[in-house]
Structure formats: C-alpha cells, structure tokens
Amino acid sequence: MSKIEYMKPNELKKIRNGMGARQQDLAKVLGIPIRTYQNWEQPEESREHRRIPAEIADRVRSLAELKASQGGTGYPVNLIWLQIPLRQAELEALKRKAIFEDKNLSTFIREVILAMI
C-alpha cells in the first residue's frame, strides 16, 4: 500500500466532481476554511496554489471510496468519522495493521471505527 505523497490540483478537482460535491462541501467535511480548499485546486503555476497535505489527500481519497461504495447519486451525509483526529503514531500503527491484514487503509480505519461505536 502506498501513501499519497502529493495530489495534483486536477486530481483533487476530478475526485470532488466525481463525488458531486462542491468545494464548500469538502471544506466543511475536512474542517478547513473554504479558501484553503480553493487554493489546493488552483493550478500549480498559480501564486495562490498550495499543496494539499498527504494526510488530507488520504482523507479525500477515503471520502471518494465511501461515496463509491454507497452508490447512488447523493452526497454522503454521515461523515463524522472522517473528522476524528489521530496522532501520527496511531495512524502509523493503523497503517501497519492494514498492511498486515492486506486491506486498504481507509477501509480498515472504517472497520475499526464502526467496531467501536
């Protein structure tokens, strides 16, 4: 399993559009200001462009996977689990367990969280 080191702006926009979400939808789910999110979608040569952090890129990918697994055309409503903060050591431990169990990290994290609630 590989960690996303860098997500290009056009990839981020393609994922968002594929989910049928607006910029403000994802900004709210990710708990960030809308302007920060908009800067991530700016072309790389733009002065306003900012790189999306790897951990946020992982969360966006997880959200897209959740949307794909739900099917339908609606935007996922119950996304509270994406806003659960993890310490770096906890995240690394979860990554190791996911690799050991040969599972996708986002799927594994969902299983762990759902088992807890």
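The values are calculated or read from the model by the stated rules, or taken from the named source; none is laboratory data. This one's a predicted model, so the numbers in the text were calculated from it and none came from an experiment. Positions of Cβ are backbone-derived with ideal geometry, glycine not excepted, and every protein chain shown enters the neighbour counts.
Matching residues to (1) in contact with an Asp or Glu (Cβ under 9 Å, 6 or more places away or on another chain); (2) at pLDDT 75 or above; (3) part of a helix (DSSP H, G or I); (4) surrounded by 14 or more Cβ atoms within 10 Å (Cβ to Cβ):
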{"position": "R16", "(1), (2), (3), (4)": "yes, yes, yes, yes"}
{"position": "A27", "(1), (2), (3), (4)": "no, yes, yes, yes"}
{"position": "T36", "(1), (2), (3), (4)": "no, yes, yes, no"}
{"position": "S46", "(1), (2), (3), (4)": "no, yes, no, no"}
{"position": "I56", "(1), (2), (3), (4)": "no, yes, yes, yes"}
{"position": "I99", "(1), (2), (3), (4)": "no, yes, yes, no"}
{"position": "I113", "(1), (2), (3), (4)": "no, no, yes, no"}
Tabulated pairs, the stretch 90-117, first among the acidic types (D, E), second outside any helix (DSSP H, G or I) and surrounded by 13 or more Cβ atoms within 10 Å (Cβ to Cβ), C-beta under 9 angstrom, 6+ apart or interchain:
E111/K103
Quick check: anything in the stretch 1-20 more than 15 Å from the chain's Cα centre (by Cα) and under 30 Å from F100 (Cα atoms)?
yes
Just name the residue that is nearest to G18 (Cα to Cα) out of those in the stretch 58-97 that are under 13 Å from the mean Cα position of the chain (by Cα) and at pLDDT 75 or above.
A64
Residue under evaluation K103, criteria (1) surrounded by fewer than 17 Cβ atoms within 10 Å (Cβ to Cβ); (2) in a loop (DSSP other than H, G, I, E, B); (3) at pLDDT 85 or above, criterion not met:
(3)
